[in-house]
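Visitor: Quick one: structure below, then a few questions.
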Amino acid sequence: MDAFFTYGFLQRALLAGIFIAVACAVLGVFLLLRKDAMIGHGLSHITFAGVALGLFLHMMPLAVALAFSVLASLGIMKLKESAGLYGDTAIAIVSSLGMALGIILATLSQNFGVALLNYLFGEILAIEPVEVWLSMALATVVVVLVVGNYRKFMSLTFDRESARVSGIRVRRLDTLITILASVTIVLGMKVVGILLVSALIVIPAAAGLQLASNFKAAIVLSCGVGLVSVIAGLALAFVLDLPASGMIVLVGFSIFGLFFLLRKGKI
Amino acid sequence: MKRPNERLAFFNFCLVVTTVLMAVQIASATSRPKIRILTTVFPLLEFAREVAGDRGDVRMLLPPGSDVHTWQPRFSDIEKLTSADMFIYIGPALEPWAQDILRSMARPGLRILEASRGLQVLRSEHEEPGHVQGKETADPHIWLDFGLDQVVVDRILGVIKEIEPENGAAFERAAALYKERLRELDDEYREVFKNCLHRTFIFGGHSAFGYLARRYGLQMISVYGLSPDASPTPKELVGIIDKAKKGKIKTIFFEPSVGDKLARIIASEIGADIRLLNPGHSVAKETLESRAAFIDLMRKNLESFKHGLICR
């Protein structure tokens, strides 16, 4: 285990993972309560198209993916509001569009090798110092915004109508959460990959909501689950010599299962 | 009395006919379509281009910069195959799609050369318990053994001679010339590796240099397996870093198609520098068009080795 203190790349993986987990866990609670659990899934798929476009244009895939993901998140909001679609139809449309564009662009760029696979399954061993700083900044922004606007976010989440009546700028907060979610997805992609990043948003929040008695507790619990998932997942991956991204999600799911059984009184 | 005149007329007639026939033959020889050859990887392109010379229209089926390990043919590629005279590929370990396509096409005019058939193929060092044995673990990177390359050049020569026997002598000369260059390259490598501080090198790419390592008595430790797909686990990476530390290695190598990311990470952990090694299977467009580019690439690799293994 002392490997984590000896090797810089493991420390960076751990630090970035921790910050991303916190940002995901906090946002996750809001998104789940808003019945928007699938948004992470949808955004991660559109991020795939962004990465493929970045590889195609030989530009920074992360930057292109970020632009793509933010635009897509705003698009999903717009579609939801004005196209009269039920539930998560808008997300389903945008996510399949993302995959379709991704596969076409990836084929065109003839760069279907390692680069793309690394984005799909995470590249936690190759996290650069600047990415650690970015994820720390993101986590700070998310936490500060949530703490600073705690009441607004809460009333927005539980009762949109009265929030609007009481003068909260609902749209602006909605947009803020969606943009934060897309930034989180793009940074989380490095840690667990496009295919699993939505798990970091959904599973800790879902686990927290199993046991929490109030909103605050849910956020704190969700963060705890996210942190344990990342730390234990990475450690287990190291000890068992298995892929880190898969282990992180597996640990998260185990905690969720445990909390579920606890709530049902089965344990 | 008419006889001699008639004879002369006949002679004249014959002369005209032969001249015409010769002219036709010369014309047909110059306008005769070139031998259309398609290859999968760049070294095969260079070998075929060198042997066929002016008579060859040699192209790569894969576009420049694409990675053969993950490439899949599209409709247009199959079309290209139907109009070729010859198709050269390494073998099922590198181009698993080739056999299926060739079988389904079944065009009698197309001559197919599986370059690695019957050669002494290396088995993967990345063999893990439970890993499928057989084709998948055969190392396809035969072109990084300059001795095997000469065998492949001869094989290509054989097929090209079959297609155009009348130019056989020219093809043979060209092949001999190119093999001589490969021999020189081989000698240079031998000479350099005689006096090196290290015999182990760490490659932050896929396990491509196994043949080269075997030929010159080196040991390769690569981050990826035979195909650059599955990322290493943390433990594997730590294992490689530890080996590098123990071996007091001062240079980590990387390859262009995988990028220098993991090489840089290993290098920064042990305080080493990084150097480029190009396995040569996929190259940029400019390299593709220049002559003897494969040999030049291999010379550049040798420079990297010289620096990295600290050779005198």
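Visitor: Taking amide H positions as placed 1.01 Å from N in the peptide plane, with prolines and chain starts having none, which residues 5 or more places from B:Met60, or on another chain, fall under 5 Å of its amide H?
Guide: B:Thr39
Visitor: Taking the beta-carbon count within 10 Å as an exposure proxy, list B:Tyr216, A:Tyr86, A:Tyr150 from fewest neighbours to most.
Guide: If I rank by nearby Cβ atoms, fewest first, I get A:Tyr86, A:Tyr150, B:Tyr216.
Visitor: Can you compute the helix-only [θ] at 222 nm over chain B? Use -39500 (n - 2.57) per DSSP H run of at least 4 residues, normalise by all residues, nearest 500 deg cm²/dmol.
Guide: So the calculated ellipticity at 222 nm is -16000 deg cm²/dmol.
Visitor: Hey, fewest Cβ within 10 Å first, where do B:Ile249, A:Ile104 land in order?
Guide: Sorted ascending by nearby Cβ count, the order is A:Ile104, B:Ile249.
Visitor: Something else about it: Could you give the angle, 0 to 90 degrees to the nearest 10, between helix B:261-270's Cα long axis and the longest principal axis of the Cα atoms of chain B?
Guide: 40
Visitor: What is the extension gain from A:Ile103 to A:Gln11, computed as 0.36 nm multiplied by their sequence separation minus the C-alpha to C-alpha distance, in nm to one decimal?
Guide: Gain in length upon complete extension: 29.8 nm.
Visitor: Taking other Cβ within 10 Å of each residue's Cβ, how do A:Ile267, B:Ile156 sort, fewest first?
Guide: A:Ile267, B:Ile156
Visitor: Sequence gap at least 6, Cα distance under 8 Å: using those rules, report the relative contact order of the stretch B:33-187 to the nearest whole percent.
Guide: In percent, rounded to a whole number, it is 25.
Visitor: List the GluC sites (Glu not before Pro) within the stretch B:245-312 that DSSP assigns to loop and that have no more than 12 neighbouring Cβ atoms inside 10 Å.
Guide: none
Visitor: Return the lysines within reach of B:Lys300: Cα separation strictly under 29 angstrom, same-chain partners fewer than 8 residues apart disregarded; answer none if there are no such residues.
Guide: The qualifying lysines are B:Lys179, B:Lys194, B:Lys243, B:Lys245, B:Lys246, B:Lys248, B:Lys250, B:Lys261, B:Lys285.
Visitor: When Cβ neighbours within 10 Å are restricted to other protein chains, what is their mean count per residue of peptide A:122-128?
Guide: Counting Cβ atoms of other protein chains within 10 Å of each residue's Cβ and averaging gives 4.
Visitor: Please list 3J(HN,Hα) in residue order for the stretch B:63-80, calculated via the Karplus relation 6.51 cos²θ - 1.76 cosθ + 1.60 where θ = phi - 60°; whole Hz, with x for glycine and proline.
Guide: x, x, x, 7, 9, 4, 5, 10, 6, 10, x, 9, 4, 5, 5, 5, 4, 4
Visitor: Can you pull the mean other chain C-beta count within 10 Å for peptide B:249-259?
Guide: Average neighbour count from other chains, rounded to a whole number: 1.
Visitor: A follow-up question, please. Counting partner chain Cβ atoms within 10 Å of every residue's Cβ in B:231-242, what's the average?
Guide: 6
Visitor: Can you give me the relative contact order of chain B as a percent, contacts being Cα pairs under 8 Å and 6 or more apart?
Guide: Over chain B, the number comes to 17 percent.
Visitor: With an 8 Å cut-off on Cα pairs and a minimum separation of 6 or more residues, tell me the relative contact order of the stretch B:189-308 in percent.
Guide: Here the relative contact order equals 24 percent.
Visitor: Let me ask something else. Using Cα atoms only, what is the angle between the long axis of helix B:42-52 and the major principal axis of chain B, expressed in degrees (0 to 90) to the nearest 10?
Guide: 30
Visitor: Right, another one. Which peptide among A:42-51, A:63-72 comes first, and what is the full order, when sorted by highest mean count of other Cβ atoms within 10 Å?
Guide: Averaged packing, sorted descending, gives the order A:42-51, A:63-72.
Visitor: Could the peptides A:240-247, A:155-162 be put in order, highest first, of the mean number of other beta-carbon atoms found within 10 Å of their residues?
Guide: Highest mean packing first, the order is A:240-247, A:155-162.
Visitor: Amide H neighbours of B:Gln219 under 5 Å, counting only residues 5+ apart in sequence or on other chains, H built in-plane at 1.01 Å?
Guide: When sequence neighbours closer than 5 places are left aside, the close amide H contacts are B:Thr200, B:Phe201.
Visitor: Tabulate in residue order the Karplus-calculated ³J(HN,Hα) for the stretch A:237-254, using 6.51 cos²θ - 1.76 cosθ + 1.60 with θ = phi - 60°, rounded to whole Hz; enter x for Gly and Pro.
Guide: 4, 5, 5, 8, 6, 10, x, 5, 4, x, 5, 4, 5, 4, 5, x, 5, 4
Visitor: Report the full-extension gain for the segment B:Glu166 to B:Lys194: residue separation times 0.36 nm, less the Cα-Cα distance, to one decimal in nm.
Guide: Stretched out fully, the B:Glu166 to B:Lys194 stretch lengthens by 5.7 nm.
Visitor: In addition: Share of antiparallel DSSP beta bridges in the protein assembly as shown, in percent to the nearest 5?
Guide: So the antiparallel bridges amount to about 10 percent of the total.
FYI, it's all coordinate maths here, none of it is from the lab. Here the structure is a predicted model, which means the values were calculated and not measured. A quick note on method: Cβ atoms are made from the backbone with ideal geometry, for glycine too, and the neighbour counts reach across all protein chains shown.
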